[in-house]
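> I'd like to ask you about the structure that follows.
The values are calculated or read from the model by the stated rules, or taken from the named source; none is laboratory data. None of these values were measured; they are calculated from a predicted model. Cβ placement follows ideal geometry from the backbone for every residue including glycine, while neighbour counts extend to all protein chains displayed. We work out accessible area using only protein heavy atoms, side chains counted, and drop any ligands, DNA or RNA first. Shrake-Rupley method; radii C 1.70, N 1.55, O 1.52, S 1.80 Å.
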Amino acid sequence: MIIALPKGRILKAATPLLKAAGIVPGPDFTDDRSRLLRFPTNDPQIDVVRVRSFDVATFVAFGGAQVGLCGADVLMEFDYPEIYAPLDLGIGGCRISIAQPRGSTLSDDPERWSQVRVATKYPSITRRHFAAQGINADIVHLHGAMELAPVLGLSHLIVDLVDTGSTLRVNGLEEVRTIANVTSRLIVNRTAFKTQPERIGGIINRFRQALASGT
Ligand code: PRP
Ligand code: MG
């Protein structure tokens, strides 16, 4: 079985949870210099792969990995029917928010948003959110450093993750409103769950017990 894990911040919070679920990747896994992408674990039945957070959902949806740890933001963006998300892991808490240059008066007058340009790595969430308010958002699709976009004239607003708020603050932006709260989920491939109910169900239970034991 392959478990897909996101690199970056979530991985730190996920490591103790994995351990409590009885999954301990080999020593190379936490070595940033290692170029390996797939790692054996203490369980000969389980390997873990380390991929970008957006790609965790794609690997699981296509069945390349049967299980993954994935932010609710990514699940909302893709909405893959092949993915089942049985557990909220309670880690990686943050929110998807709209932000604007500090002191901008744009948000005071939503009427003016009829022509709004928004930089984001969440084109689908952003389009849906604005469309629900009758606003046709013009999306500038970036993959990181969204905070630069309004300052450098690419967009009026951004839609991005906010945790402590310090990235917005130091880049001269302020939060306008929250679109959704986010935590990480355990995800599984529906077909794998159907064809190997014991193995996949067993993994789900190991995580459920790890959460119940307060890890
Ligand atoms: C994320 C997010 C924000 C920042 C929010 O970026 O895109 O920029 O963290 O955290 P804060 O509110 O605590 O400052 P990340 O550092 O993961 O990099 P990326 O945008 O390049 O993916
Ligand atoms: Mg960022």
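> Being open to solvent by 30 Å² or more (accessible area, probe 1.4 Å) and assigned to a loop (DSSP other than H, G, I, E, B) is true for just one of Ser114, Ser155, Ser104, Ser124. Which residue is that?
Ser104
> Quick check, is Lys12 away from ligand 2 (no atom under 16 Å from the Cβ), modelled with pLDDT of 95 or more and not in a loop (DSSP other than H, G, I, E, B)? Spell out the reasoning first.
Values: away from ligand 2 (no atom under 16 Å from the Cβ): yes; modelled with pLDDT of 95 or more: no; not in a loop (DSSP other than H, G, I, E, B): yes.
Here the answer is no, as Lys12 does not meet what is asked.
> Out of (1) away from ligand 2 (no atom under 15 Å from the Cβ); (2) assigned to a helix (DSSP H, G or I), what's the single condition that is false for Leu168?
The single condition Leu168 does not satisfy is (1).
> For segment 16-27, enumerate the residues that are surrounded by 13 or more Cβ atoms within 10 Å (Cβ to Cβ) and either at pLDDT below 95 or not small (Gly, Ala, Ser) (or both).
As a first pass, look at segment 16-27 and keep what is surrounded by 13 or more Cβ atoms within 10 Å (Cβ to Cβ): 17-26.
The answer is Leu17, Leu18, Lys19, Ile23, Val24, Pro25, Gly26.
Residue-wise test of (1) more than 25 Å from Gly68 (Cα to Cα); (2) within 16 Å of ligand 2 (Cβ to nearest atom).
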residue	(1), (2)
Ile91	no, no
Thr120	no, yes
Ile135	yes, no
Asp138	yes, no
Ser155	yes, yes
